[in-house]
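Encoded as structure tokens, the structure appears first; notes follow it.
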Amino acid sequence: MEKKNIDWASLDFGYQKTDRRFVANFKGGKWDEGVLTEDANVVINECAGVLQYSQSCFEGLKAYTTEDGRTVTFRPDLNAERMERSCSRLEMPVFPKEKFVEAVLKVVKANESWVPPYGSGATLYIRPYMFGSNAVIGVKPADEYQFRILVTPVGPYFKGGVKPITVRISDLDRAAPHGTGDIKAGLNYAMSLHNIIDAHKNGFAENMYLDPATHTYIEETGGANILFVTKDGKLVTPKSESILPSITRRSLVTVAKDYLHITVEERKINKKELSSFEECGLCGTAAVISPIGKVIDHGKEIVFPGCAVKMGPVLQKLYDTLTGIQMGRIKAPAGWIYEIR
């Protein structure tokens with residue numbers, strides 16, 4: 001497959017229209033077959049459920065060109081399962097898992113010339129999403145929905161290489177107790193926008209949120225789960241009912257246990273423990289792992305020695321192993337890699 005004539009190395013992490021996208025509609029209690037279309041525009045009623053009551057959810061994953069030239073995507077079945085949980089919580093119809101995976105593979109195949117070449121540092125970002133599409137004026141779920149998948153080539157999340165970032169402990173919450181923090185709903189991200197802009201204005205890369213009930217335990221940031229490494233090399237991740245279950249975090253935990261034989265703990269982490277950790281990082285689809293050099297807790301500076309100037313050695317091994325699996329350099333666990341044929 002001949003690639004598009006693009007300066008792949010100069011791509012930023014942004015949207016660029018590609019050739020095809022997938023669209024399916026839910027009407028009369030069932031989904032249609034869905035189609036690939038060239039039309040990138042969404043046309044909905046002015047009173048659509050998504051516009052009035054924010055009834056929407058989304059997913060994010062990537063497609064890659066492997067070292068041996070194959071086009072693959074990473075664990076789309078888990079994205080389908082997570083979207084199913086999101087839809088169930090928001091009273092939206094579930095787009096069937098098998099059809100979700102099939103649609104992902106189909107839209108990547110239709111845009112294969114947009115998948116960046118191996119070694120370019122760029123990837124094809126895949127964004128499945130769903131929203132209430134018919135007119136709703138009373139407070140209730142919509143009756144009709146649209147499920148879409150767009151793809152766009154993106155550059156590295158961090159230009160100029162991965163460098164340790166500084167984050168702050170947030171006074172605001174990203175989720176309510178027993179709320180929607182554990183699903184990928186658009187409304188969760190809307191409410192975090194003010195706080196991330198404020199963080200940037202004050203010189204911080206992100207907000208580190210605490211549990212909304214007691215403001216005692218570490219949860220996650222506005223868009224990523226958090227990893228900690230102890231001084232004796234254990235990987236520790238926060239556990240909470242209001243954390244979005246990251247597919248990248250789940251994969252890194254498996255890599256730690258099965259590939260690197262690292263002890264993993266998934267538990268509540270009191271904010272008082274922060275100073276005891278050697279390394280810290282964010283993990284997610286966009287950057288895989290981003291090291292945190294220090295956390296500012298209302299003027300108190302907490303430094304992670306292993307990530308003070310670069311990604312710490314344990315996080316680096318995790319990053320290298322997972323990206324090696326994604327790029328075909330390391331044998332993947334069964335079912336992790338879906339090849340585009």
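The values are calculated or read from the model by the stated rules, or taken from the named source; none is laboratory data. Nothing here was measured: the structure is a model prediction, and the numbers come from that model. Please note: Cβ atoms are built from the backbone with ideal geometry, for glycine as well, and neighbour counts cover all protein chains shown. SASA here: full protein model, heavy atoms, side chains in, ligands and nucleic acids out. Shrake-Rupley method; radii C 1.70, N 1.55, O 1.52, S 1.80 Å.
Comparing ILE262, ILE337, CYS283 along the charge dipole axis of segment 246-341, the residue lying farthest to the positive side is ILE337, per the Cβ-charge model.
Run the numbers for ALA308 and THR230: contour at 0.36 nm per residue of separation, minus the present Cα-Cα distance, in nm.
Numbers: separation 78, 0.36 × 78 = 28.08 nm, distance 1.47 nm.
Extending this stretch completely gives an extra 26.6 nm.
Once you compute Rg and the Kirkwood Rh from C-alpha atoms, what is the Rg to Rh ratio for segment 112-182? Here the Rg-to-Rh quotient is 1.13.
Protein-only accessible surface at a 1.4 angstrom probe places the residues ASP77, ASP68, ASP198 in the order ASP68, ASP198, ASP77, largest first.
Legend: Rg and Dmax of segment 91-138, from Cα coordinates, 15.6, 52 Å. With the charge dipole of the chain set up from +1 on Lys and Arg Cβ and -1 on Asp and Glu Cβ about the Cα centre, the Cα lying farthest toward the positive end among the listed residues VAL295, PRO305, ASN225 is that of PRO305. Measuring only protein heavy atoms, the 1.4 Å probe finds ARG249 accessible over about 40 Å². Averaging 1/r across all pairs of distinct Cα atoms in segment 1-101 and inverting the result yields a Kirkwood radius of 16.6 Å. By the rule of a C-alpha distance below 24 Å, with chain neighbours fewer than 8 residues away ignored, the lysines paired with LYS27 are LYS97, LYS99, LYS106, LYS140, LYS184. Among the helices of the chain, none built from whole DSSP H runs has Cα atoms reaching 27 Å or more along its own axis together with a mean Kyte-Doolittle hydropathy of at least 0.5. The magnitude of the dipole of segment 184-265, with charges of +1 and -1 set on the Cβ of Lys/Arg and Asp/Glu and taken from the Cα centre, is near 200 debye.
Going by accessible surface with a 1.4 Å probe and the largest first, TRP31, TRP336 read TRP31, TRP336.
Applying 1/(1 + (r/R0)^6) with R0 = 51 Å to the Cβ-Cβ distance of HIS215 and GLU38 gives a FRET efficiency near 0.55. In the assembled protein chains, HIS200 presents an accessible area of approximately 100 Å² (probe radius 1.4 Å).
Taken about its Cα centre, segment 33-103 carries a charge dipole of roughly 320 debye when the Cβ of each Lys and Arg holds +1 and the Cβ of each Asp and Glu holds -1. Treating each Cα of segment 171-242 as an identical point scatterer and summing with the Debye formula, the log10 of I(q)/I(0) at q = 0.16, 0.17, 0.18, 0.24 Å⁻¹ comes to -0.59, -0.66, -0.73, -1.13. For segment 217-314, the square roots a ≥ b ≥ c of the C-alpha gyration tensor eigenvalues yield an a/c under 1.5, which makes the shape rounded. Using only the C-alpha atoms, the convex hull of the chain corresponds to 137 Å³ per residue. Stretched out straight at 0.36 nm per residue, the stretch from SER276 to THR263 would grow longer than its current Cα-Cα span by 3.0 nm. In a reduced charge model with +1 at each Lys and Arg Cβ and -1 at each Asp and Glu Cβ, the chain shows a dipole moment near 460 debye about its Cα centre.
Sort segment 104-254 into rounded, prolate or oblate with this rule: let a ≥ b ≥ c be the square roots of the eigenvalues of the Cα gyration tensor; rounded if a/c is under 1.5, and if a/c is not under 1.5, prolate when a/b is larger than b/c, oblate otherwise. Oblate shape, in that a/c is at least 1.5 and b/c is the bigger or equal ratio. Ligands, DNA and RNA are left out, and with a 1.4 angstrom probe the accessible area of the chain is 46 Å² per residue. At what distance in angstrom do the alpha carbon centres of segment 200-246 and segment 294-310 lie from each other? If you average the Cα positions of each part, the centres end up 14 Å apart. Per-residue ellipticity at 222 nm computed for the chain from its helices equals -6000 deg cm²/dmol, with DSSP H segments shorter than 4 residues left out and the rest contributing -39,500 (n - 2.57).
Which is the longest part of the chain that has none of the GluC sites (Glu not before Pro) sitting in a DSSP loop with at most 14 other Cβ atoms within 10 Å?
Values: sites that count: GLU2, GLU33, GLU38, GLU46, GLU67, GLU91, GLU241.
For GluC sites (Glu not before Pro) (loop position, at most 14 other Cβ atoms within 10 Å), the longest site-free span of the chain is 92-240.
Residues THR214, THR37 ordered from highest to lowest accessible area at a 1.4 Å probe: THR214, THR37. For the pair segment 1-33 / segment 133-185, the C-alpha centres are spaced 18 Å from each other. To put it simply, the accessible area of segment 234-341 at a 1.4 Å probe is 50 percent carbon and sulfur.
FRET efficiency for the pair ASN45 and LEU172, taken as 1/(1 + (r/R0)^6) with r the Cβ-Cβ distance and R0 = 51 Å, rounds to 0.95. Between LYS331 and ALA9, residue separation times 0.36 nm minus the direct Cα-Cα distance comes to 113.3 nm.
Among VAL255, VAL108, VAL309, the largest mean-square fluctuation in a Gaussian network model of the chain, built with springs joining Cα atoms closer than 10 Å, belongs to VAL309.
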